[in-house]
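For reference, the structure discussed in these notes is given below.
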Amino acid sequence: MSATVVILGLPQAIAKLVALPVVVQAAAEVGRAHGAARVAGRAIETAPTLTGAMAGSIAVLDEGAAVGVGERYAPFVEFGTANMEAQPFLLPAVETEESAVVSDVGDAVRVALFAL
């Protein structure tokens, strides 16, 4: 005696599992870009301003992978020099927004997974 087992929805489940890495990666990149925008915004708000050039040069780079500062003197402001106290603005922005960035990535991945 033989039996035949039919699993309904198996091809669709396999297709979703195959798509999973691509979907999660794309969603994580969207969340990371939102997080980078948060950090850039906070850095712009807290950057020391004399002329505003440094704050104006803060931007999200590499399709949301990083936040950069275009003014060449920014590291001296952030970390200080032998003749000038540090006035950190970028690292505090990252620290302040850290939990929100993690939430942004998690939320984007969660939404993408439920949409599968």
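What follows draws every value from the coordinates through simple rules; no lab data is involved. Given the structure is predicted, the values throughout are model-derived calculations rather than measurements. Positions of Cβ are backbone-derived with ideal geometry, glycine not excepted, and every protein chain shown enters the neighbour counts.
So that you can scan it fast, the table gives a plain yes or no per residue for (1) touching a Cys at 6+ places or on another chain (Cβ under 7 Å); (2) surrounded by 11 or more Cβ atoms within 10 Å (Cβ to Cβ); (3) under 30 Å from Ala86 (Cβ atoms); (4) not acidic (Asp, Glu):
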{"site": "Met1", "(1), (2), (3), (4)": "no, no, no, yes"}
{"site": "Thr4", "(1), (2), (3), (4)": "no, no, no, yes"}
{"site": "Pro11", "(1), (2), (3), (4)": "no, no, no, yes"}
{"site": "Ala15", "(1), (2), (3), (4)": "no, yes, no, yes"}
{"site": "Arg32", "(1), (2), (3), (4)": "no, yes, yes, yes"}
{"site": "Ala37", "(1), (2), (3), (4)": "no, yes, yes, yes"}
{"site": "Thr46", "(1), (2), (3), (4)": "no, yes, yes, yes"}
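Inspect all residues belonging to segment 74-91 and state whether any of them is of a type outside the set (Gly, Ala, Ser), in a helix (DSSP H, G or I) and within 30 Å of Leu116 (Cα to Cα).
Of the residues in segment 74-91, the ones of a type outside the set (Gly, Ala, Ser) are 75-79, 81, 83-85, 87-91.
If we keep only those that are in a helix (DSSP H, G or I) as well, we get 75-79, 90-91.
Next cut, within 30 Å of Leu116 (Cα to Cα) only: none.
The answer is no, given that none of the residues of segment 74-91 is of a type outside the set (Gly, Ala, Ser), in a helix (DSSP H, G or I) and within 30 Å of Leu116 (Cα to Cα).
Could you list all residues from segment 66-109 that are charged (D, E, K, R) and touching a helix residue (DSSP H, G or I) at 6+ places or on another chain (Cβ under 8 Å)? Step through it out loud before you land on a result.
Initial filter on segment 66-109 (charged (D, E, K, R)): 71-72, 78, 85, 95, 97-98, 104, 107.
If the condition is that a residue be charged (D, E, K, R) and touching a helix residue (DSSP H, G or I) at 6+ places or on another chain (Cβ under 8 Å), then Glu71, Glu78, Glu97, Asp104, Asp107 are the ones that fit.
Against the conditions (1) closer than 16 Å to Ala37 by Cβ; (2) surrounded by fewer than 12 Cβ atoms within 10 Å (Cβ to Cβ); (3) acidic (Asp, Glu), where does Asp107 fall short? Just the number, please.
Answer for Asp107: the failing condition is (2).
Can you name the residue in segment 1-56 that is part of a loop (DSSP other than H, G, I, E, B) and of a type outside the set (A, V, I, L, M, F, W, C) and, of all such residues, is farthest from the chain's Cα centre (by Cα)? Quick ask: steps written out before the conclusion?
Applying the first criterion (part of a loop (DSSP other than H, G, I, E, B)) to segment 1-56 yields 1-9, 47-52.
After this cut, where a residue has to be of a type outside the set (A, V, I, L, M, F, W, C) as well, the list is 2, 4, 9, 48-49, 51-52.
Numbers: Ser2: 55, Thr4: 49, Gly9: 35, Pro48: 24, Thr49: 25, Thr51: 28, Gly52: 25 Å.
Restricting to residues being part of a loop (DSSP other than H, G, I, E, B) and of a type outside the set (A, V, I, L, M, F, W, C), the top hit is Ser2.
Restricting segment 73-93 to residues that are without any contact (Cβ under 8 Å) to a residue 24 or more places away in the chain and small (Gly, Ala, Ser), which is farthest from Thr49 (Cα to Cα)? Can you show your working first?
Just the residues of segment 73-93 that are without any contact (Cβ under 8 Å) to a residue 24 or more places away in the chain, to begin with: 73-76, 78-86, 88, 91.
Narrowing the set further to residues that are small (Gly, Ala, Ser) leaves 74, 80, 82, 86.
Details: Ala74: 11, Gly80: 15, Ala82: 20, Ala86: 14 Å.
Taking the candidates together, the pick is Ala82.
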